[in-house]
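I have placed the structure first, in the form of C-alpha cells, so that the comments after it can refer back to it.
Read the figures in this text as sums done on the coordinates, not as results from a lab. Note that the structure is a prediction, hence the values are computed from the model and not measured. Cβ sites come from the backbone with ideal geometry, for glycine too, and all protein chains shown count toward neighbours.
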C-alpha cells in the first residue's frame, strides 16, 4: 500500500467532476486500499478519489473510533435525503479549517462495493454527513463553498499563503 498526495484547496483540480468507475478490478481495489491508508494516516474519516487527483467516482469512509469499519463506495448515488442537520465539518483538502454546514440528517445511498456488487445503505448523523461531503468532492465541490463569499476568500488567502511559505 502507499500513501497518496492529497490536493489542497484552492487547487482547481478539486473542481473536477469525477467519471463513473466502469469496472471494479484489482487496480480499483488497490486504489481503495491506498486511499484508506492515506485517510487513516492523515488522519481523517473520509476521502474521495478527487482529493488524490484520481477523477473517478469512489470514496472511502470510516467514522468508527477504532478504525475498523471501512466503507468503500464506488459510483455512489444518493437516492433519498431527509431532515436537516447542522454540523461542524473539516476536510483533508482544507487543512485547519472547520465550519458549520447544513446537510440532510438521513440519506439512502446506492453504490457498488469492492466485489462489484450493488448495495444500498441507510445512513444518518455523522455517517450521512461524511458521505454527502465526499460525494460533493466527486461532483467537484469543496465544503467551503457552502460558506459565505467572505469566509471563502479568507480561507483561500490563508491556504495560499501557507502553501507559499511551505515552499
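For the chain, what relative contact order do you get, as a whole percent, if you take Cα pairs closer than 8 Å and at least 6 residues apart?
So the answer I get is 24 percent.
Sorted by packing (mean other beta-carbon atoms within 10 Å per residue), highest first, where do 69-80, 19-30 land?
Values: 69-80: 17.7, 19-30: 12.8.
So the peptides 69-80, 19-30, ranked by packing, come out 69-80, 19-30.
So for each of 55-68, 129-142 I average, over its residues, the number of other beta carbons within 10 Å; can you give me the resulting order with the highest mean first?
Top to bottom by mean Cβ count within 10 Å: 129-142, 55-68.
Please give the contour-minus-distance gain from residue 167 to residue 88: 0.36 nm per residue of separation, less the Cα-Cα distance, rounded to one decimal in nm.
Working: separation 79, 0.36 × 79 = 28.44 nm, distance 3.02 nm.
Separation in residues times 0.36 nm, less the Cα-Cα distance, equals 25.4 nm.
Report the extension gain between residue 114 and residue 17 in nm, rounded to one decimal, defined as 0.36 nm multiplied by the number of residues separating them, less their alpha carbon distance.
32.8 nm
By how many nm would the segment from residue 150 to residue 2 grow when fully extended, if each residue of separation counts as 0.36 nm and the alpha-carbon distance is taken off?
49.6 nm
Give the Rg (one decimal place) followed by the Dmax (whole number) of the chain, computed from C-alpha coordinates and expressed in Å.
Calculated on Cα positions, Rg and Dmax stand at 15.4, 46 Å.
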